[in-house]
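**Student:** Please read through the structure below; I'll follow up with questions.
The values are calculated or read from the model by the stated rules, or taken from the named source; none is laboratory data. Computed from a predicted structure; not experimentally measured. Methodologically, a virtual Cβ is constructed for each residue, glycine included, from the backbone with ideal geometry; neighbour enumeration extends over all protein chains shown.
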Amino acid sequence: MTTWPFGDAKDDIGEVINSIIADVRQRQNGSVDPDGGKPGAVIYIPPGDYRLRTQVLIDVSFLRIEGSGHGFTSSSIRFNVPEEQWPDLHELWPGGSRILVEIAADAGHDESAGAAFLVKRTGSPRISSVEFSNFCIDGLHFRADGSDLHPENTYVNGKTGIYVASANDSFRFNGMGFVYLEHAVTIYNADALSIHDNFIAESGNCIELRGWGQASKVTDNLIGAGPRGYSIFAENHGGLLITANNVFPRGASSVHLRSVTRSSVTNNRLHSFYPGMLILEQNASENLVAANHLLRDREPWAPFIDVDNGRDDLFGLLLIEGANNSVIGNHFSEVVDSRKLRPGGATPIIIRLAEGVGNYVANNHTVALDVRSTSGDSAFDAQVDALLATAATAPLDIVTVLVEPSSSGNTILDSGTDAQVDLDRTVNAFRATPGIGS
Amino acid sequence: MTTWPFGDAKDDIGEVINSIIADVRQRQNGSVDPDGGKPGAVIYIPPGDYRLRTQVLIDVSFLRIEGSGHGFTSSSIRFNVPEEQWPDLHELWPGGSRILVEIAADAGHDESAGAAFLVKRTGSPRISSVEFSNFCIDGLHFRADGSDLHPENTYVNGKTGIYVASANDSFRFNGMGFVYLEHAVTIYNADALSIHDNFIAESGNCIELRGWGQASKVTDNLIGAGPRGYSIFAENHGGLLITANNVFPRGASSVHLRSVTRSSVTNNRLHSFYPGMLILEQNASENLVAANHLLRDREPWAPFIDVDNGRDDLFGLLLIEGANNSVIGNHFSEVVDSRKLRPGGATPIIIRLAEGVGNYVANNHTVALDVRSTSGDSAFDAQVDALLATAATAPLDIVTVLVEPSSSGNTILDSGTDAQVDLDRTVNAFRATPGIGS
Amino acid sequence: MTTWPFGDAKDDIGEVINSIIADVRQRQNGSVDPDGGKPGAVIYIPPGDYRLRTQVLIDVSFLRIEGSGHGFTSSSIRFNVPEEQWPDLHELWPGGSRILVEIAADAGHDESAGAAFLVKRTGSPRISSVEFSNFCIDGLHFRADGSDLHPENTYVNGKTGIYVASANDSFRFNGMGFVYLEHAVTIYNADALSIHDNFIAESGNCIELRGWGQASKVTDNLIGAGPRGYSIFAENHGGLLITANNVFPRGASSVHLRSVTRSSVTNNRLHSFYPGMLILEQNASENLVAANHLLRDREPWAPFIDVDNGRDDLFGLLLIEGANNSVIGNHFSEVVDSRKLRPGGATPIIIRLAEGVGNYVANNHTVALDVRSTSGDSAFDAQVDALLATAATAPLDIVTVLVEPSSSGNTILDSGTDAQVDLDRTVNAFRATPGIGS
């Protein structure tokens, strides 16, 4: 490690990091050894608050930026505490090795301009082995968006934590914390990417894998986006492994895959307050959705009680538009107040096959409960009540699997009784879950 | 990082860490920046032996305590080597960045008093983002407990590694080693907790999640408790993800969930010497148990050959008391000496539904072997023998699924033949695994 | 940490590390405290290039070698770029904390002689808690092997990254990068080993667990071996957990288990260009293969277009020789050009049970597509084309499960239609996946 050429890390860590990168680049130019590389550097961020006023531009491979604390604490809960009570609070802000993103940005224009860290390089080879580890990126505040929401609850501020604009190889994100960003991590054209063991929450969108990509993994993260954003999104990826994540609300979706193929969504715990938790759309094909736990229940917290993602209860908790996917051995819990179903009186749909052929849906178990709110929605108590399933409940009628006429050639096994599965048996294969006394 | 105000880290690292925390707290009080936080600190423990005579009290958020080595080695094996051979051993003790817990404690009184690290704070918000990483907590010795066991084999010493007494958010435990503690990690009221990639073994109890909690994960750990304790225990948790753990003996149970709901136990490798490996009790509901490998075989090691957890072979390897759980695609291996079954001549039970309705049990495969001990139980050889399944075996009669009269409305599919499943077909749904020639 | 006694880390880091280990060993000898251990040390490798001319010998427990960057970049792609274009490339070599392995070795002789790091110790106890973290081991070059392959494409150079020759306990490999080694990680006789979150690619063989072992885990790695080698190999292991890995081509196999028992291969994403992706051989028994995604498609890259692993399409993507295994809820995609099947006109086999009794194969879904090459195999474009499944395809006839006469007593459920499963129904149990209109 070196001392940086210039700048004040507390006042603008962006300027300081850029000066270190410039120094690294200059030192690399001197290498003449035939096997000698340009091995990069590690930039260490000690615990502390660091304002970032200048965007960091990373255009060298093998750079590792490392802190000593992911520093997450809930800004969302704190902003909804009356301000006169703030002096009594132990902390008001996230901590750890904390970057305070002060970049002025307008989401309506170039989105990359609002990124604290921009990774971008032209030419060959692709930029490799950039690593982000164990520090906190805090967007600080959201802002009014014209809705009825309190400005700090909009999830809008035009700020992105890390934006990777160029094709990249073998990047790693480990142990990071992201909070109060409109976009936490946006990555284009990833190969062999690893996003592992991070805390990415209270951000409009958490993980967005755009462009295309292959052979990557999103594993073992704690994730929760805002009500209009993505918790995990990917498009045009092949061989993506999404596993062992605990994805909590709100998130318009928990996992949203567009034209993704030959990928896995397995062994995750997914929790949402809205339909459309897991979406495989636009010819998403040959994917495996297995051993996941999906819970959709009711928003318990007053500030968001009337917020939703715009999808009604006929959308499906899991939507499939594409061919030859496998949906095996998942548990679905649908826990709602039947008086609030949309459209009114609707029978909610759990798995909906809207397009495509040859999907295989087997051994999925759905639990559906009609829960009447009795606790007056007093935020945390209601949340505990919902989590512990201690509220009074009644059975709820559902369609466990709907195969629309635009989809055919599918196989549906042991994923609902005769009465719960809605499909054309002349063009699909079907075996009902046996009924009692069978 | 700072040099600490006072104390000798080798003689009492507890006093030293407390002095650093006091220093951190004092520095935080000076912050007046409106967006300025109290970002915390990292305390680094280099490799070495550090006695801890004073309990560490953590009452600040964003503290990271980090070492350079989990330092596990088997004290259990070493204590069972005759002491006259000790001079020939390369090492006698665990290592790495090693805390030697010297706290005098009596398990009969306040359990938190015996903790090396106590996390406790009143007021709001909950304490956040405390991280423990990559060091070793060694309880050093067990003590006589009145049983026939050698004192060093009792798993009793009144010592706890880390005890989190207050509600907490986004804590992380990574890369730690725990050895010879009565309780390794005890955490009350956890939100978004991550216990990931640790080595927690040769402790009376390994992970205990008490009180209540939500949206947490226990992933990718190597774990093994003592014969009377918990390897992984949780109560009143919702949305807990327990996955990718390798849980080895002894442990009275491998995973024990009490009143836990909407959680996942998926994709673990569980190994026990006793019945009652995986317990979902006291209205544990809507949980997913999928893609786990459960092996129950015989104790091979002489010092523990007559020790068990008090449960007989009718208890079930997996016990369910609760509603609407899913048990899908698990492998069970029951490998026992039929002459030692309890009660004598019993037909062992694999999955037992004792209470609750609406559980879904599908596509579970059970292998049952009667193995006669031939190796004279010579510890390691027998262990290898057992592990490699090279002992002579014969088929063993079992009940793969027992649904008791107190449970009904369940669905049991392809999890045993007609002869292997015991249930009332008038109040449950059933499809037998087809027999040969079907 | 200490400054090392002698040597130039840039010229021969092996000599330097050995001198540090000698220093550690000497300091340990002074310990006389009755509870006092020999806690080991951490050796830190900053980012940079370090030649290793002297093999490192590790014979102390509790040693952690840690860098600041896994440093992977594709040497394979770079070596296949015409050398006259190299001056235009940003980097030519891997980076991070990079060890350049300069050991002269001949694979024909003692394989351990070619290891950069050799872990070896006689006596008791077993060596414990050695940790390798976050640095890069680069074998630099492959060499001509008499085949038609370009010397840099042979995956042969007699070099091993880390070779653990002695029985060991609680070792950890985390965040490492391995590239251009004939063998990346070779470990004999492992107990409670953890290989987690590494990048091990462009090596002849990636992970080889030899001898025997127990209670270990290989989790959350990005892995890809050469066309003649193992990506993940284990023999005589019990209780091994292989999960959450993303294993990409080439690799003669993705996971190869020999006489492994009571282990799990669950929840992985496996991708290969050849049959024999997942092999359970030589009495591999009581293992669980569940929730994996297996894709076999065509080699798209010109330099390897005619390379294969020598197995024809009747070998099976998954081969089982052993008893009482469970194969549940996996997705298989077979995407090949039917004109290139071997033997010509063969009907490819997906799951083949060749020996053993009592295996349970349920709820596996196979997709089979005949893809005609149209893109002229222009490397990367074809790769993207294949990954995104955008090529023109037609259905392909397959045998989803073949149970050979030498295997019996198996149960095959919902893993293929009547026409797709080939077995003797008088000695096996069978239920076909229902057909359309059933």
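**Student:** Scan the range A:213-240 residue by residue and report those that are charged (D, E, K, R) and assigned to a loop (DSSP other than H, G, I, E, B).
**Tutor:** If the condition is that a residue be charged (D, E, K, R) and assigned to a loop (DSSP other than H, G, I, E, B), then A:Asp220, A:Arg228 are the ones that fit.
**Student:** If I ask for residues that are at pLDDT 95 or above, among the charged types (D, E, K, R) and either over 19 Å from B:Gly161 (Cβ atoms) or not in a loop (DSSP other than H, G, I, E, B) (or both), which ones from the range B:50-83 would you list?
**Tutor:** B:Arg51, B:Arg64, B:Glu66 - these are the residues of the range B:50-83 that are at pLDDT 95 or above, among the charged types (D, E, K, R) and either over 19 Å from B:Gly161 (Cβ atoms) or not in a loop (DSSP other than H, G, I, E, B) (or both).
**Student:** Moving on to the next point. Just name the residue that is modelled with the lowest pLDDT out of those in the range C:385-406 that are part of a strand (DSSP E or B) and in contact with a Leu (Cβ under 6 Å, 6 or more places away or on another chain).
**Tutor:** C:Thr393
**Student:** Now for a separate question. Suppose we filter the range C:226-258 for residues that are in contact (Cβ under 8 Å) with a residue 60 or more places away in the chain and in contact with a strand residue (DSSP E or B) (Cβ under 6 Å, 6 or more places away or on another chain); how many remain?
**Tutor:** Count: 1.
**Student:** Turning to a different aspect of this structure: Restricting to the range B:106-134, count the residues that are within 14 Å of chain A (Cβ to nearest Cβ), farther than 19 Å from B:Phe173 by Cα and aliphatic (A, V, I, L, M).
**Tutor:** So the count comes out to 0.
**Student:** Return yes when B:Arg78 is of a type outside the set (Gly, Ala, Ser), without any contact (Cβ under 8 Å) to a residue 24 or more places away in the chain, crowded, with 19+ Cβ neighbours inside 10 Å and out of contact with any Phe, Trp or Tyr (no Cβ under 6 Å at 6 or more places or on another chain) and no when it is not. Steps first, answer last, please.
**Tutor:** On the way: of a type outside the set (Gly, Ala, Ser): yes; without any contact (Cβ under 8 Å) to a residue 24 or more places away in the chain: yes; crowded, with 19+ Cβ neighbours inside 10 Å: yes; out of contact with any Phe, Trp or Tyr (no Cβ under 6 Å at 6 or more places or on another chain): yes.
The answer is yes for B:Arg78.
**Student:** Another question, if that's okay. Taking the condition of being surrounded by fewer than 21 Cβ atoms within 10 Å (Cβ to Cβ) and either β-branched (Val, Ile, Thr) or in contact with a Pro (Cβ under 7 Å, 6 or more places away or on another chain) (or both), how many residues in the range C:269-307 meet it?
**Tutor:** The number of residues fulfilling the criteria is 3.
**Student:** Mind checking which residues of the range A:66-99 are within 22 Å of the chain's Cα centre (by Cα) and of a type in the set (A, V, I, L, M)?
**Tutor:** Within the range A:66-99, A:Ile77, A:Ile99 qualify.
**Student:** Let me ask you something else. Hey, could you check the range B:241-253 for residues that are part of a strand (DSSP E or B), within 14 Å of chain A (Cβ to nearest Cβ) and hydrophobic (A, V, I, L, M, F, W, C) and say which is nearest to A:Val247 (Cα to Cα)?
**Tutor:** B:Leu241
**Student:** Residue under question is C:Phe142, and the condition is that it be closer than 30 Å to C:Ile305 by Cβ and in contact (Cβ under 8 Å) with a residue 12 or more places away in the chain; does it hold?
**Tutor:** Yes; evaluated as a whole, the condition is true for this residue.
**Student:** So which residues in the range A:401-414 are hydrophobic (A, V, I, L, M, F, W, C) and within 11 Å of chain C (Cβ to nearest Cβ)?
**Tutor:** A:Ile412, A:Leu413
**Student:** Let me ask something additional. Can you give me the number of residues within the range B:177-210 that are more than 16 Å from C:Ser194 (Cα to Cα) and either in a strand (DSSP E or B) or of a type in the set (Phe, Trp, Tyr) (or both)?
**Tutor:** The number of residues fulfilling the criteria is 20.
**Student:** Of all residues in the range A:182-218, count the ones that are of a type in the set (Asp, Glu), buried (at least 24 other Cβ atoms within 10 Å of the Cβ) and more than 9 Å from chain C (Cβ to nearest Cβ).
**Tutor:** Quick first cut of the range A:182-218, residues of a type in the set (Asp, Glu) only: A:182, A:191, A:197, A:202, A:208.
Right, trim to buried (at least 24 other Cβ atoms within 10 Å of the Cβ) and you get A:182, A:197, A:202.
Subset that is more than 9 Å from chain C (Cβ to nearest Cβ): A:182, A:202.
Residues that pass the stated criteria total 2.
**Student:** In the range C:314-325, what count of residues is obtained for those that are in contact with an Asp or Glu (Cβ under 9 Å, 6 or more places away or on another chain) and touching a residue at least 40 places away in the same chain (Cβ under 8 Å)?
**Tutor:** Adding up the residues that qualify gives 7.
**Student:** Please work out which one of (1) over 30 Å from A:Pro87 (Cα atoms); (2) within 14 Å of another protein chain (Cβ to nearest Cβ); (3) over 19 Å from the mean Cα position of the chain (by Cα) is the condition B:Ile137 fails and give its number.
**Tutor:** Condition (3) is where B:Ile137 drops out.
**Student:** Here's another thing I want to ask about it. Can you find a residue that is within 14 Å of chain B (Cβ to nearest Cβ) and either modelled with pLDDT of 95 or more or assigned to a loop (DSSP other than H, G, I, E, B) (or both) anywhere in the range A:17-28? Steps first, please.
**Tutor:** Initially, the range A:17-28 is screened for residues within 14 Å of chain B (Cβ to nearest Cβ), giving none.
No, the range A:17-28 contains no residue that is within 14 Å of chain B (Cβ to nearest Cβ) and either modelled with pLDDT of 95 or more or assigned to a loop (DSSP other than H, G, I, E, B) (or both).
**Student:** Under the condition of being assigned to a strand (DSSP E or B) and touching a Gly at 6+ places or on another chain (Cβ under 8 Å), which residue from the range B:153-162 is farthest from B:Ala104 (Cα to Cα)?
**Tutor:** B:Gly161
**Student:** In the range B:338-384, which residue that is surrounded by 15 or more Cβ atoms within 10 Å (Cβ to Cβ) and in contact with a Lys or Arg (Cβ under 8 Å, 6 or more places away or on another chain) is modelled with the highest pLDDT?
**Tutor:** Result: B:Val371.
**Student:** A further question on this structure: Could you list all residues from the range A:36-75 that are more than 14 Å from chain C (Cβ to nearest Cβ), more than 15 Å from A:Gly14 (Cα to Cα) and not hydroxyl-bearing (Ser, Thr, Tyr)?
**Tutor:** A:Pro47, A:Gly69, A:His70, A:Gly71, A:Phe72
**Student:** Let me ask another. Could you say whether any residue in the range A:148-155 is closer than 24 Å to A:Asp59 by Cβ and not aliphatic (A, V, I, L, M)?
**Tutor:** Here is the first cut: in the range A:148-155, the ones closer than 24 Å to A:Asp59 by Cβ are none.
Within the range A:148-155, not a single residue is closer than 24 Å to A:Asp59 by Cβ and not aliphatic (A, V, I, L, M).
**Student:** Now for a separate question. Right, C:Ser61: closer than 30 Å to C:Trp212 by Cα and without any contact (Cβ under 8 Å) to a residue 24 or more places away in the chain or not?
**Tutor:** no
**Student:** Can you say whether C:Gly239 is touching a helix residue (DSSP H, G or I) at 6+ places or on another chain (Cβ under 9 Å), over 27 Å from A:Gln214 (Cα atoms) and surrounded by 24 or more Cβ atoms within 10 Å (Cβ to Cβ), as far as the supplied structure shows?
**Tutor:** Yes; evaluated as a whole, the condition is true for this residue.
**Student:** Tally time: how many residues in the range A:47-93 are of a type in the set (S, T, N, Q) and farther than 18 Å from B:Ser129 by Cβ?
**Tutor:** Residues flagged as of a type in the set (S, T, N, Q) and farther than 18 Å from B:Ser129 by Cβ within the range A:47-93 amount to 5.
**Student:** Sticking with this structure for a sec: Search the range C:415-438 for residues being on the phi < 0 side of the Ramachandran plot, assigned to a loop (DSSP other than H, G, I, E, B) and away from chain B (no Cβ under 14 Å), and hand back the single one that is surrounded by the most Cβ atoms within 10 Å (Cβ to Cβ). Give the steps one after another, and end with the answer.
**Tutor:** Within the range C:415-438, the subset on the phi < 0 side of the Ramachandran plot is C:415, C:417-436, C:438.
Okay, now just the ones that are also assigned to a loop (DSSP other than H, G, I, E, B), so C:415, C:417-420, C:423-428, C:432-436, C:438.
When the remaining residues are screened for being away from chain B (no Cβ under 14 Å), the result is C:417, C:419-420, C:435-436, C:438.
Numbers: C:Thr417: 16, C:Ala419: 11, C:Gln420: 19, C:Gly435: 11, C:Ile436: 16, C:Ser438: 13.
Residue satisfying both the conditions and the ranking: C:Gln420.
**Student:** Among the residues of the range A:223-253, count how many are more than 11 Å from the chain's Cα centre (by Cα) and small (Gly, Ala, Ser).
**Tutor:** 3
**Student:** If you go through the range A:311-331 one residue at a time, do you hit one that is modelled with pLDDT under 95 and over 29 Å from C:Val361 (Cβ atoms)?
**Tutor:** Taking every residue of the range A:311-331 in turn, none turns out to be modelled with pLDDT under 95 and over 29 Å from C:Val361 (Cβ atoms).
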